[in-house]
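The values are calculated or read from the model by the stated rules, or taken from the named source; none is laboratory data. The structure displayed is predicted, hence computed values, not measured ones. Quick reminder, even Gly has a Cβ in these numbers, built from the backbone with ideal geometry, and neighbours come from all protein chains shown.
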Amino acid sequence: MEDSFHHDAHFNLKSIEERLDRFESKYKKKIEGNIIIRLLSFCGEKNMNANDTKSVARDLSYILIQKNGLLSFIQATCDLENSSEIKTTFDQRFRAISFIIANMPAICCDKDDFYSSLSRQVILILTTLSKGDADKQTIKLASYIFIALYNKKQSLGKAKLIKPITDAICCKESYLTLTQSIICIHHLILSDFDKNQFIPVFPNILAINTILYETVSPIKRAAKEIVIDILKYVDQSTYILATSIFNLQISINLYSTGLVKIGNEEMLTVIPSNLNYVSVDDAKFLDKTVTAITSILDDLGNEFKLDFFLILVEKVHLSHFNQMVLFSLVDALQEQVSNWILDYPNKAIQFLTNTLRRITSESNDSIQSLMDQEEEQILEKSKLLQMDSLSMLIQIVSILVEAKDKLTSEELLSLKTCNVYLTKVVASELLSKSEQLKIQSLVDEINHLHETTKHSKIDNEDRFAEAVRCLNSNFMPQRAHGLVILRNLIDAQHQSTIDHKSELFTLIKACLSDPDSYVYLAAVNALASLALAHTESCLPTLIEAYHDRDRSVRERVSVGESLVWVCKYLGQLAHHYHRLVVDCFLTGLRDENESIRVSSLSNLGQFCSSLKNALSYCIIEIVCAVECLLKTDSSLDVKRACLMFVYIMLNGIDNAEVILDHLKQIYHIIKSIDSKSLGDDIIRVHAHLALEAIDNLMKKLIKPENDLIRPIKMN
């Protein structure tokens, strides 16, 4: 594109200078300086006619797209000596220059070609290593220009500015080298450019930092600074880091180390490699990875470190993540975790409550039913992982109990909430006798802590009164805070809440009409907790809220999740309300919003898996509803959910005879799925799982149980 203008007589430096001489004579204006300075001076000339102004603009745009044209423009228009200008003047000038370049009309060529030329030039300027103050200012101005070009036209900016950089990082075809792309991102990440644009390549940059960790390469320093800056300023960065670590092996295997010449210097960096393979079981790799990650965490705050540690603990029970990396990191961080917990005890207590609630709400029977008899080793591994997760949770509880003097009354009350779930954990078959005794000891200590705070300045009676006052507030955060206090008191089974169940129900139900989503969801959670002791009143109210079409889909889905949670906690008592709950979700299957239909199927599956033998009372309606949805619903998501529901329901049945009369009908329903739906990969997988579940049930019916076989002894 650049060479196409060299043969045009109108566009060459000599003809441009001749026109400038003519303009100086015509407008009696003598300008000293190079060709760019002279052109810019005439750009602001008010006395010039339209044709001459257009000629100057055309010449300037031509100069810009020539080789090093943008760099020449930068050097010509900005004094880059720190001694002559103060910083604020530089910033103002840089913004003005970047605005001029981003809004320069593409008179001499196609506007997309003009944008592409400027994009490529500014990227190449950003790939240079700064050695002095002048270089730093040039790179800073180039960053301003990059941002201005991107903001001018973001759709084209993603293709012309972002894609070449990210492609090079991912070892795809690009005019940049891998090392150049790292240098470029490093310069941009230290500017005001949107750091979210580089989240897709964050795992790659983390891998590069890990590979080069033990070197003194400037590329390693740049990669580390990029990682730290993204983690500091991007939302949900703890989850980004955790996900990147779990997939670190894949990213690391893209690269190997090598020497690269940049300018006149050789430096150690990473290069693309198809031959490199690193095993995550390798002790050296694990040590380097853990050391590199902890080195990054050292530059981040304690709140981030605690959030990250809690995510690792949360993922322990998920066996598909790399356990060696996970456990090595947890071990490395455990020594410091007590300090982080004491800095942010509310975070730790909230994590404990949510995780223990999840663990204790999962039925061991339903988990067992999801495993085929041939998968005993997988089940055993899952149990071990759950044990490791539970051990870490108990360690967190112990840290909080030992630091009781540093906790506030509110924090101690929240910790008391955990006792409800710890008591259920004690009864787990996964625990040994010694572990059960240890947890029971913690339960007793927490109960004692609660007693010691009885006469504190803000005791629980006062807290109940405070919650009631908050609920009557006109200020939204106050109302939500009041509901949180009530739920904590309910979960802690405090006497004041037991004595005022009816009043509590009235107060919380009134909050379900609150227009604010945050208050509404807090009311739903409080009502779900109250439902464990006041089921007759609370369960119908939750069901009514689930069908409230004035509420958003997200709010209604949350209500459905709370309903299932209540039913799981009620255990065998839930059978008494099965008609009410099943009707609720069957009604949800007719909702006009497909997200509610999917939610109803998911909730119905979880509820049916806990009904076991009681399922026979409603099986006909359920099968008919599933058949209708598979045949008539236009949403693929609903059909996927239907098949997954069948799979969950069949695996939750203890006695196969409960559904024996309907297995043939279910089998034919699945086999009759139309060919268009079967074109969806997820539907095919879910259908296969459902058919396997039918096959397993039939095997149980046909094959006799082992306890029916008796040995015959012959003398």
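From Gln350, Gln323, grab the single residue that is outside the structural domain of Ile399 (by TED's automatic domain parsing) and either modelled with pLDDT of 55 or more or surrounded by 15 or more Cβ atoms within 10 Å (Cβ to Cβ) (or both).
Gln323
Hey, among Leu212, Leu190, which residue is among the hydrophobic types (A, V, I, L, M, F, W, C) and closer than 18 Å to Val122 by Cβ?
Leu190
Would you check which residues across region 228-237 are on the phi > 0 side of the Ramachandran plot and either in a helix (DSSP H, G or I) or touching a Leu at 6+ places or on another chain (Cβ under 7 Å) (or both) and list them?
Answer for region 228-237, where residues must be on the phi > 0 side of the Ramachandran plot and either in a helix (DSSP H, G or I) or touching a Leu at 6+ places or on another chain (Cβ under 7 Å) (or both): there is none.
Please return the ranges of helices (runs of 4 or more DSSP H) entirely within region 524-612 where 3 or more residues are within 26 Å of the chain's Cα centre (by Cα).
Counting at least 3 such residues, we get 553-570, 594-611.
Identify all residues within region 556-587 that are more than 28 Å from Leu422 (Cβ to Cβ), buried (at least 17 other Cβ atoms within 10 Å of the Cβ) and either in the same structural domain as Lys424 (by TED's automatic domain parsing) or at pLDDT 80 or above (or both); write none if there are none.
Matches in region 556-587: Arg556, Val557, Val582, Cys584, Phe585.
For the structure I just gave you, tell me whether Glu225 is of a type in the set (Asp, Glu), more than 15 Å from Thr269 (Cα to Cα) and not in a helix (DSSP H, G or I).
no
If a residue must be modelled with pLDDT of 75 or more and more than 21 Å from Gly69 (Cα to Cα), how many such residues does region 22-56 contain?
Qualifying residue count, region 22-56: 15.
Check whether at least one residue in region 250-264 is assigned to a helix (DSSP H, G or I), buried (at least 17 other Cβ atoms within 10 Å of the Cβ) and at pLDDT below 90, and report yes or no.
There is at least one residue in region 250-264 that is assigned to a helix (DSSP H, G or I), buried (at least 17 other Cβ atoms within 10 Å of the Cβ) and at pLDDT below 90.
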